[in-house]
Amino acid sequence: MSQPPVIELQGVGTSFRGQVVHRDLALRVDEGQVVGLLGGSGSGKTTVLREILGLLRPDVGSIKLFGVRLDEPDPHVQRNLRRRLGMLFQHGALFSALSVFDNIAFPLRELRCLDEDWIRRLVHLKLSMVGLEPSHGQLKPAELSGGMVKRVALARALALEPELLLLDEPTAGLDPDRSQNFVELVGSLQRELGLTVVMVTHDLNTLAGLATHVAVLADQHIVAFGPREEIMAVDHPFVNGFFGADRQKLL
Ligand SMILES: Nc1ncnc2c1ncn2[C@@H]1O[C@H](COP(=O)(O)OP(=O)(O)OP(=O)(O)O)[C@@H](O)[C@H]1O
Ligand SMILES: [Mg+2]
């Protein structure tokens, strides 16, 4: 039997205080795909990620992850589903009062089934996966560089060994070298761990370095989805404007 899609959104509609953000939005992401989600500012990209994560419920429509409906009432099923997802938020969103160690340990402690010795080992493992040392664990978020914040946020997103990773502007605010390093790090982890990834980005190099597929959010829904090279050729005002003269970079 073939695997159900990792993500399946159908007929999703969302509005905030009467302002429609999504209307009849559909998206299907299969295992192992790295999907770059593009769209103008305020088009509702972060909102889609929050809906996939279960932080926000759409007004209408269905969202299935791994073939299971997100609004499945059984709390046990819900919890198991959530463990299969990791999210790197748009602004890093580390807990500023907690050390790097405690930030990464947070989702592990929430499980309430691991002793501190295991947690320490797992946190050190995650730190090394993102190229940081155990000693970095003692620092507070305010003491980190922008690139380190992203790495710690990635380590935390990977803490529960998710199958699906959601990244919201993972390289925004990084200089070109750090951005390239981070793209390479995410790419190698994606391949090693066999992750499925949905990534919001405005950055062409990030898109070129990671995305196998591209989804374009415009006019309140996904107007184009497919392999990256195919989407480059779609004649839509947003796509034309986004890729513009830089199209060649991505081919
Ligand atoms: N919790 C909320 N309450 C009210 N309005 C919201 C809420 N979340 C998002 N919105 C509105 O929904 C629209 C889409 O927001 P969203 O953050 O998803 O956009 P985005 O595509 O991620 O933008 P950006 O590229 O700037 O990050 C915006 O108009 C925003 O103001
Ligand atoms: Mg956003």
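Observations
- Residue match in segment 67-90 (condition: assigned to a helix (DSSP H, G or I), within 26 Å of residue 187 (Cβ to Cβ) and in contact with a His (Cβ under 9 Å, 6 or more places away or on another chain)): no
- When segment 185-219 is filtered for residues that are touching a Leu at 6+ places or on another chain (Cβ under 7 Å) and not in a helix (DSSP H, G or I), the ones remaining, listed by number, are 195, 196, 197, 198, 199, 200, 201, 214, 215, 216, 217.
To keep it simple, each residue is scored yes or no on (1) modelled with pLDDT under 95; (2) touching a strand residue (DSSP E or B) at 6+ places or on another chain (Cβ under 9 Å); (3) surrounded by 13 or more Cβ atoms within 10 Å (Cβ to Cβ); (4) charged (D, E, K, R).
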site	(1), (2), (3), (4)
63	no, yes, yes, no
69	yes, yes, yes, yes
108	yes, no, yes, no
112	yes, no, no, yes
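- Looking across 207, 195, one residue alone is in contact with a strand residue (DSSP E or B) (Cβ under 8 Å, 6 or more places away or on another chain), away from ligand 1 (no atom under 16 Å from the Cβ) and either modelled with pLDDT under 95 or not acidic (Asp, Glu) (or both). It is 195.
- Candidates 126, 150, filtered to the one that is under 20 Å from residue 206 (Cβ atoms), charged (D, E, K, R) and in a helix (DSSP H, G or I): 150
- Each residue in segment 42-66 was checked for being away from ligand 1 (no atom under 15 Å from the Cβ) and part of a loop (DSSP other than H, G, I, E, B), and 1 pass.
- Hey, residue 152 of a type outside the set (D, E, K, R), within 16 Å of ligand 1 (Cβ to nearest atom) and closer than 19 Å to residue 85 by Cβ or not: no
- Residue check, residue 139 surrounded by 15 or more Cβ atoms within 10 Å (Cβ to Cβ), under 16 Å from the mean Cα position of the chain (by Cα) and at pLDDT 90 or above: no
- Residues being surrounded by fewer than 19 Cβ atoms within 10 Å (Cβ to Cβ), on the phi > 0 side of the Ramachandran plot and within 16 Å of ligand 1 (Cβ to nearest atom) - total across segment 161-191: 1
- Criterion (in contact with a helix residue (DSSP H, G or I) (Cβ under 6 Å, 6 or more places away or on another chain) and within 29 Å of residue 203 (Cα to Cα)) met by exactly one of 94, 114: 94
- Here residue 207 fulfils each of the conditions (1) under 24 Å from residue 66 (Cβ atoms); (2) within 16 Å of ligand 2 (Cβ to nearest atom); (3) out of contact with any helix residue (DSSP H, G or I) (no Cβ under 6 Å at 6 or more places or on another chain) apart from (1).
- Pairs where the first residue, in segment 77-100, is closer than 20 Å to residue 195 by Cβ and at pLDDT 90 or above and the second is β-branched (Val, Ile, Thr) and part of a helix (DSSP H, G or I), C-beta under 8 Å, 6+ apart: 85/52
- Within segment 30-59, residues that are under 26 Å from residue 73 (Cα atoms) sit with their Cβ atoms under 7 Å from residues that are within 12 Å of ligand 1 (Cβ to nearest atom) and charged (D, E, K, R), at 6+ positions apart or across chains, in these pairs: 46/168; 49/168; 56/50; 58/51.
- Candidate set: segment 1-41, residues that are of a type in the set (A, V, I, L, M) and outside any strand (DSSP E or B); chosen: the one nearest to residue 65 (Cα to Cα): 6
- From the options 94, 49, residue that is buried (at least 21 other Cβ atoms within 10 Å of the Cβ) and within 16 Å of ligand 2 (Cβ to nearest atom): 49
- Hey, residue 34 within 16 Å of ligand 1 (Cβ to nearest atom), at pLDDT 95 or above and not acidic (Asp, Glu) or not: no
The values are calculated or read from the model by the stated rules, or taken from the named source; none is laboratory data. Bear in mind the structure is a predicted one, so any value in this text is a computation, not a measurement. No Cβ is skipped: glycine too gets one built from the backbone with ideal geometry, and neighbour counts run over all protein chains shown.
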